[in-house]
1. Give the long-range amide H neighbours of B:Cys21: residues separated by 5 or more places, or on another chain, with amide H under 5 Å away, using H modelled in the peptide plane at 1.01 Å from N.
2. Just the Cα atoms of segment B:289-411, one point each, no solvent: what log10 I(q)/I(0) does Debye give at q = 0.09, 0.18 Å⁻¹?
3. Let me have the relative contact order for chain B, percent, based on Cα pairs under 8 Å that are six or more residues apart.
4. Across all directions of projection, what mean area in square nanometres is found for the Cα convex hull of segment B:213-368?
5. Measure out, as a whole number of angstrom, how far apart the alpha-carbon centroids of segment A:23-94 and segment B:285-305 sit.
6. If I take the rotation axis that carries chain A onto chain B, which residue of chain A has the nearest beta-carbon, and at how many angstrom?
7. What does the extension gain come out to for B:Ala209 and B:Asn137, with contour length at 0.36 nm per residue minus their alpha carbon separation?
8. Pairs to check: B:Lys37/B:Lys136; A:Lys128/B:Lys308; B:Lys36/B:Lys140; A:Lys186/B:Lys308. Give those whose C-alpha atoms are more than 20 Å from each other in this structure.
Protein chains: 2
Amino acid sequence: METIIKSEKATQWKKTEGNICSPSGFAAAGIQAGFKKSGKDLALILSRTLSSTASVYTQNAVKGAPLVITKEHSSNGLAQAIVCNSGNANTCNANGLEIAREACAIVGESLGILEENILVASTGVIGKPLSIDPFKNGIKELVESLNETSGDFAAEAILTTDTDIKQTAIQFELSETTATIGGISKGSGMIHPNMATMLGFITTDVAIAPDVLQQALKEVVMDTFNMISVDGDTSTNDMVTVLANGEAGNNEIQSDQDPDYKPFKEVLHEVCKELAIAIAEDGEGASTLITCNVLNATNEYKAKAIAKQVISSNLVKAAVYGRDANVGRLLCAIGYSGVDVDYRNIDIYMRSEDYRSVCVCEAGSIVSFDEDKAYDILGTDKLFIDIYLYEGQEQATAWGCDLTTEYVTINSAYRT
Amino acid sequence: METIIKSEKATQWKKTEGNICSPSGFAAAGIQAGFKKSGKDLALILSRTLSSTASVYTQNAVKGAPLVITKEHSSNGLAQAIVCNSGNANTCNANGLEIAREACAIVGESLGILEENILVASTGVIGKPLSIDPFKNGIKELVESLNETSGDFAAEAILTTDTDIKQTAIQFELSETTATIGGISKGSGMIHPNMATMLGFITTDVAIAPDVLQQALKEVVMDTFNMISVDGDTSTNDMVTVLANGEAGNNEIQSDQDPDYKPFKEVLHEVCKELAIAIAEDGEGASTLITCNVLNATNEYKAKAIAKQVISSNLVKAAVYGRDANVGRLLCAIGYSGVDVDYRNIDIYMRSEDYRSVCVCEAGSIVSFDEDKAYDILGTDKLFIDIYLYEGQEQATAWGCDLTTEYVTINSAYRT
């Protein structure tokens, strides 16, 4: 167990090797139920008690049926379990809502809890009719295999084209007790059988009122899950959901003025950031994680817009793949980020994780730099692009990945 | 010479095999001056007389130095010549403005006209210092080779990674005379040595006041050059410029109420559309031209937003490359186009140029369709995607191309 003490913040936390089962009172399961041709494809996360819940959903106007049902079932701010299948998004199907509702009913019945307290998510092919059969056939095994050591299996069962599971857990101190937040996520790349969807499921034993949980999640997602891009396409089924069951025993956090709110939100931020970065790093066909920091902006909105445009530019992403310190493309992306910026002030540095660094642009003019050093820096797994605007004090970070021939190969593969 | 009569419009026109020299009183030249390692790289377009001029420029906040000088030189609505080099964008260079200004001075001096009446454009690598020498060394040959049969050479000299020249000309009737509009363009794909820039240069012998010309060009560009996308990246140097020298002898068009305004604008629209489509079709690595029509929208803005999002989606573009009628990705792109749309009304058809057609989505639900037929349709050079919103009477069209492994290979190639 590694102890990370963030010097700039009050909160002390321990990053564990844990997952969604690390907070008290959570069990999970992940099994193969037949949604996909092979591999685990049905996950269940269960809290021992009815929990506060909060979710954020895709901004795509076309929303998957499961999101509609989850929104309905969490309208009172309470839920106890999350069921998620991979392999079929249950979106743009004529009977999608029925199926999503029935899935909750099946799980609720088997667990002996109200179907209204079950949340549902799906990821996979859009527009392929989803049969209720794999839910029906798999439910017995799914519920029987629920336990506190199966977090890994749930993390695996929600994957589609991801190359690895994505999970984390952090233990931290509240004013009078210790609490934990855990989480799993899956990536947004799309592939044969062409799907979709960024999912994040977070569990915590903190006691917190639903509306305060919603506020914290919404703010945190803006800086984490919303600051990554794999291919610029926003899925119909993206969602991030938290269950907070209160088993840590703290006095319930009832407002953002509560002294426990700040440490809770900080750790929630860290968990979401880790899960989000893991998605960017595992983008389809990706070979390099690109972190773009925009510094000294007049406001955060501007810094975010620029950072996100840079990591979303096909040309920047292809240049990184080619280990080309192509400053023209960076300036070009900054220029069309839609915010007002005087590029004649801008300095840009490219940097590797081991702090080798090269200045490639000064005061908006491209300078001559050591091309060999730049080539080396661009060849590392983790590239940092630091953009200094010299206009103010705000900053933002976005994460993306390079655009590779492998990405196109994957995404041009036939559906069926 | 082919005669095209557009039945739905009043204007009758003849599409010719012509180019920018087809309108009366224009000469052109294209030579090799040493901006690139090989091939023609310096173009000149000259009108016999001082002409009305209008331009639209990139919306990128980072603007190339040539655009600044062109804007300055055309501020009185008059110009006589356009000089354009390829191989270097003259952007983000410390002395870029100086160089652009000096290029105009050299050309003006050699032609015996004021440098204020010369417009300048550049396309090529961003941020590489541009020497004035190729202008100085090439000017004599450039001016000596000016003639009315060298339109092709100018069309060639502005190219970077384009695989072919792009030009057209249309002759049409005004109320009392015959007039012609010609044009050349180059593509927006970016490549080794990491290119940029969509350029369009249009010549006409119509007599038209500068402000009315500006109005017509601005409106036409919105529906043509602004409705294509190769890779979603907006260059620093994009510009479209018209010279109108009045040699057709019509009474000068002085307002949009002039009876000659409508036919002029229609033909300008057709010329710009052809030049724009040629760019989309010749996108880097592209194998299929994608035309997306959005029909029955409540307003044009909405139709445009959806059409443009569809042809800009990496996932849609990669699916087309894979000949995959991936309706989920289409609905997904429609959903994040940023406009309010009820996808439950939407029908979608995929269609080839020879009118084979397959319905892939009805009332927002993906229907089963003949996959073999869809595969055949997607294998043609020109794919049409028709999206019916069933909300109103407006429509829009956008043009793009597929995303291929070749695109990534090209754009990950090292700069130098």
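Since every read-out is calculated from the coordinates, none of them should be taken as a lab result. Computed from a prediction, not measured in an experiment: that's the story for all the values here. All Cβ positions, even for glycine, are placed from backbone atoms using ideal geometry, and neighbour counts span all protein chains on display.
1. Under 5 Å from the amide H of B:Cys21: B:Gly151.
2. Values, matching the q order: -0.22, -0.87.
3. On the way: 1109 pairs, mean separation 72.4, N = 416.
The value is 17 percent.
4. Numbers: hull surface 46.9 nm².
Its average projected convex-hull area is 11.7 nm².
5. Using only Cα atoms to place each centre, the spacing works out to 34 Å.
6. Result for the axis mapping A onto B: A:Thr405, 2.
7. Full-extension gain reported as 22.3 nm.
8. On the way: B:Lys37/B:Lys136 17 Å; A:Lys128/B:Lys308 26 Å; B:Lys36/B:Lys140 18 Å; A:Lys186/B:Lys308 29 Å.
The answer is A:Lys128/B:Lys308; A:Lys186/B:Lys308.
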